[in-house]
Amino acid sequence: MSILANKDTHVVIQGGAAGLNAARRMAEFRYMIKQPLNVKAFVYPPDTGKMNEVTYGSGLLTIPVYKSVAEATSKHPEINTSLVYIGADRACAGGMEALNDPKIQLVSMITEGVPEKDAKLLARHAIKLGKTFNGPSSIGIISAGACRLGVIGGAFDNLVACKLYREGSFGVITKSGGLSNEIIWICSQFADGISTAIGIGGDAYPGTDYVTYLEKFEQDPQTKAVVIVGEMGGDLEERAAEWYGAKKRRVKLLAVVSGFCQESLPKGMKFGHAGAKEGMKGEGSARSKSDALKEAGAIVPDTFGALGPAIKQVYEDLVKSGQVRPIPELSPADVPKLPKTVEEGMKAGDVMVAPLIKTTISDDRGDEPCYDGYPASELINKGYEIPHVIGLLWDKRLISKQEAEIIKRIMMLSADHGPCVSAALTTIVAACAGIGLSQAVAAGLIMIGPRFGGAVTDAGRYFKYAVDNRMTVDDFLAHMKKNVGPVPGIGHRVKSVRNPDKRVKELVSYIKGLGIPAPHLDFALAVEKVTSAKKENLILNVDGTMAAVLVDIGFPVDSLNGFFILSRTIGLIGHWVDQKRQESRLIRLFDYLVNYAAPKRREVPPLK
Amino acid sequence: MAKVLEGPGMGLMRKWGISVPSYVVVSSAEQFDQLAQANDWIQRGKLVAKAHEALGSRFKLGLVKVGLDLAGAKAAVREMLGRQVGSITVSQVIVSEMVPHKDEYYAAVKSTREGADVLVANCGGIEVESNWDRVKRLSLEVGTTPSPDALEKLAKEAGFSGTLAKQVADFAGKLFACFDGEDAQYLEVNPVVAREGDGALVALDAVTLLDADAKFRHPDWNFQYAAEFGRAYTQHELDVMAVDSKIKGSVKFIEIPGGDTAMLPAGGGASVYYSDAVVARGGKLANYAEYSGDPADWAVEVLTDKVCSLPGIKNIIVGGAIANFTDVKKTFGGIIAGFRKAKSEGKLNGVKIWVRRGGPREKEGLDAMRALREEGFDIHVYDRHTPLTDIVDMALQKSK
């Protein structure tokens, strides 16, 4: 047996994320005692109609979210308890809604910072209806082996360590959430554990006080003793003392009260919970409470630390008098365990997982990313630059200073080529249509292909093929004509021998000036000599030049288009930002720029 | 509980129809001169000047001056502003009209478990404190309002009669309306006086304690709360309050000058037991602190920094019960970061650190604390098997 929360408690949780977290904790408890989850519904209007996911053991339960408590209890008539996790400004209305539901008998409010007046109104309303209102600021209620309401009891390991999977003989009532857990632990170490532990909340006027719960414990045959953890302020402890002293009680009462430090502090300085405020003329002080409890016959140790031995003494007396029979400990194999998560299992070496993807270039698992094993910050601090990062991530090697300089120049030359080219125009049209940065830039990038900017990879591939196979220019051109078609990297829409591309000249003369071996560039230039003699615009274009140079410095053929994509992205972002800055309006093509070659307007024949 | 100074307190009472003297709150002599020109009553009548600070015994300190004319009030304002009393600097003076009267009365409304008590007495000022049996009480259930008849009966019980009884009942009714409407926890008017001439009841002095938790429904509470212990908040305390207002969970910090045992415990309940243990073992608290409700690690780091900055400390008590949901590893991460920072600033020389804690991820958190030994910290770490306050016993034995 236990009080307030038991095997027949069925719960609706009012609230959002905090309520869901509580449900998950409650599911851990129910899994530990091998009982189905007792949270039947949530009430949270913004999520009406959704299903909340709650892990239970190794499975996943879905619990419906309703708009109102009435809807929840009509769909789940077994509900008799509500936990309120609603924000302080709406807590009163939420609590009233639950109290007014005929099915609900117990409302426990976890919300902190509820105005005093609201708490009093809720308490009065509950008394009128003959129901129980617990809290606000309650950590929860837990009955060992039966029911957990809220997060009281902490993590799963702690539930097990405190033997909350089976009933003990000690009732607990505390204002403090943290100390409720501490007392539960002490009861499990120095005695046989708890029957029920209740957090009544640390507010000045808890909805239900010690006396009401002491009366319930007194009626509960399982509970042999009750531990109260009190605080200075108010008169709840005095009332408890009065109750205990009024007549012979079946339960033993143990109590500690905090706030003695107040006596040696500057006047008016108050600590701890809202309820822990010094009363007038010594009333409500820790000393007066402690004295009242002692006089009433309660066991009141001088310090919190002495509470454990005092509980042990009471327990041993109960065993001696035959009122309590010691509970045999579970064998280690029978101690409840929560299924491990995959992460925990892997850490413990218990499971083997086949990876879904494999990466060979970067690792994000430390405090900073590593590129091919090198920490980003170390690269920065040792003077490496963007081209080196490209080398690491695209070709898994730390390129030389000279190679980095070549890549930098390639990128600078191809970063942009004005608004008229396919990619920039597309990005601008998109920007003017109000499309966001990433989509507009992506639209521009889509234009990069065989006819625009996307010939670098193919050019590199064929130049490499020719050089690897020691082909002559004539053999190469014949091979291309027969098997491929126009030579990628050769030819330009507007540039020609007489109107050369300055970018190509720049790059070629830089490489030549370095005096490094450049077999692919040499070959490409030799090809140009032949093709441009045939037709003026069949010159080595910027794609072809980049391709030859990049193959010369060892970049893999498949990465080559990347250099153009990366460089041109700089320009496309610029175009998008530029349009945005100008607040450009939607644009459309003028019809005089279209050759309307569609059939003239004609009559639609009757549908046959 | 939030204490409100006289100025805003009287403003709230006036809002609910209670007569209060005309008053101005000024923070400079120039401001007073300007207001004097704009307000007829300042130029003509007799005035009272009081330091507008959360100070007790203002009269004894010479921070209340009565019966002043305009020149006298100007002088008083000039003299009081900038006066240093303990840690408080007088930064505001309230100047109000002096209300000529003969008799003084007492009225208050006080929050009780069931609702509220309305208190009246037919004596006021210091007299009421020595004649507490003359204070009569009407207890009300929350959600109810006292009827005019009930209030008149109360006034008569307190010794008022005739029209004065009706007036007192009306005054108490308005005071209750103010209490209820403003989510007050305590309102006291002492004295209530009958103004010479028209005999109207006027509230001369107000003690106002509001329920800070109800601020969400009072957008017109545009005033600052006053510190409740007779001194201004220190900069460190204000820093922690600023952090507290920004986070989920809470961090709290109050300095106690002259102590040598610094507190950095978790939880509103356990923290007080730790403080009690220090006092019980003859230690002197250097502060009160608390973090609870799984606060962000950076917030705990700020709190740690403040604790480590306390002067003359010998021990730091990092105590805590077995947490329900506060992540021990995460919050200890904030404390450890704070300790390292303090150490790098040379703050923790000769300071012993005592740790006891349980809760989610307790092992990881405690292991991380223990590892600080290798960084040269004098740190002693215990888990749930050591009773809550035993670290205080150990700390204070060793330092003796």
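The values are calculated or read from the model by the stated rules, or taken from the named source; none is laboratory data. Nothing here was measured: the structure is a model prediction, and the numbers come from that model. All Cβ positions, glycine included, derive from the backbone under ideal geometry; neighbour counts span all protein chains shown. The accessibility values were calculated without ligands, DNA or RNA, using every heavy atom of the protein model including side chains. Shrake-Rupley method; radii C 1.70, N 1.55, O 1.52, S 1.80 Å.
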Set B:3/B:341; A:347/A:396; B:102/B:215; B:246/B:329; B:248/B:352 screened for pairs whose C-alpha atoms are more than 27 Å apart:
B:3/B:341; A:347/A:396; B:102/B:215; B:248/B:352
Can you pull out the trypsin sites (Lys or Arg not before Pro) in segment A:534-604 that DSSP calls coil and that have at most 14 other Cβ atoms within 10 Å?
A:535, A:585, A:588, A:600, A:601, A:602
Out of the trypsin sites (Lys or Arg not before Pro) in segment B:1-83, which ones are loop residues according to DSSP with at most 12 other C-beta atoms within 10 Å?
B:60
How big is the dipole moment of segment B:22-97 about its Cα centre under a simple scheme where the beta carbon of each Lys and Arg is +1, that of each Asp and Glu is -1, and everything else is neutral? Debye, nearest 20, please.
300
Rounded to a whole number, the mean other protein chain Cβ count within 10 angstrom for residues of B:319-331 is 6
Kindly tabulate the residues in segment A:285-322 with an accessible-area decrease of at least 10 Å² between the chain alone and the assembly of all protein chains, using a probe of 1.4 Å.
A:303, A:304, A:305
Residues in segment B:166-209 reached by a label modelled at residue B:117 [backbone nitrogen below 14 Å; 7 Å Cα→Cβ]:
B:186-188
Taking 0.36 nm per residue of separation and subtracting the Cα-Cα distance, what length does fully extending residue A:367 through residue A:478 add?
34.4 nm
What number does chain A give for Rg over Rh if you use C-alpha atoms and the Kirkwood radius?
1.25
Accessible area lost on pairing B with A, both sides, 1.4 Å probe, Å² to nearest 100?
4300
Charge context of residue A:480, other residues only, Cβ under 14 angstrom, K/R +1, D/E -1:
+1
Taking only protein heavy atoms and a 1.4 Å probe, what accessible area per residue, in Å², does segment A:317-474 have with all protein chains in place?
66
Quick check on segment B:1-61: take the gyration tensor over C-alpha atoms, sort the square-rooted eigenvalues as a ≥ b ≥ c, and tell me if it's rounded (a/c under 1.5), prolate or oblate.
oblate
In degrees, nearest ten, helix A:286-295 long axis to first principal axis of chain A (Cα)
40
I'd like the FRET efficiency for residue B:309 and residue B:383, computed as 1/(1 + (r/R0)^6) with the beta carbon distance as r and R0 of 30 Å, rounded to 0.05.
0.60
Please calculate how many Å² of accessible area chain B carries per residue, with a 1.4 Å probe and no DNA, RNA or ligand atoms counted.
41
Taking Rh as the Kirkwood radius computed over C-alpha pairs, what is the Stokes-Einstein D of segment B:277-318 at 37 °C in a medium of viscosity 0.692 mPa s, expressed in µm² per second?
282
Sum up the charges of everything whose Cβ sits under 14 Å from the Cβ of residue A:388, counting Lys and Arg as +1 and Asp and Glu as -1, but leave residue A:388 out.
-1
How large a share of the accessible area of segment A:1-158, in percent, is made up of carbon and sulfur atoms when the probe is 1.4 Å and the other protein chains stay in place?
54
For segment B:22-97, with equal point scatterers placed on the C-alpha atoms only and solvent neglected, what are the log10 I(q)/I(0) values from the Debye formula at q = 0.11, 0.12, 0.19, 0.27 1/Å, to two decimals?
-0.23, -0.27, -0.68, -1.30
Approximate spin-label separation residue A:402-residue B:58, in nm, with each point projected 7 Å along Cα-to-Cβ:
8.5
Just flag the GluC sites (Glu not before Pro) in segment B:146-194 sitting in loop per DSSP whose Cβ has no more than 15 other Cβ atoms within 10 Å.
none
Could you work out, residue by residue across B:214-226, how many beta carbons of other chains sit within 10 Å of that residue's beta carbon, and then give the average as an integer?
2
Once the Cα gyration tensor of chain B is diagonalised, semi-axes √(5λ) in Å
49, 25, 18
Antiparallel %, DSSP beta bridges [both residues in the protein assembly as shown], to 5
60
Could you compute Rg(Cα) / (2.2 N^0.38 Å) for segment B:235-399, with N its residue count?
0.91
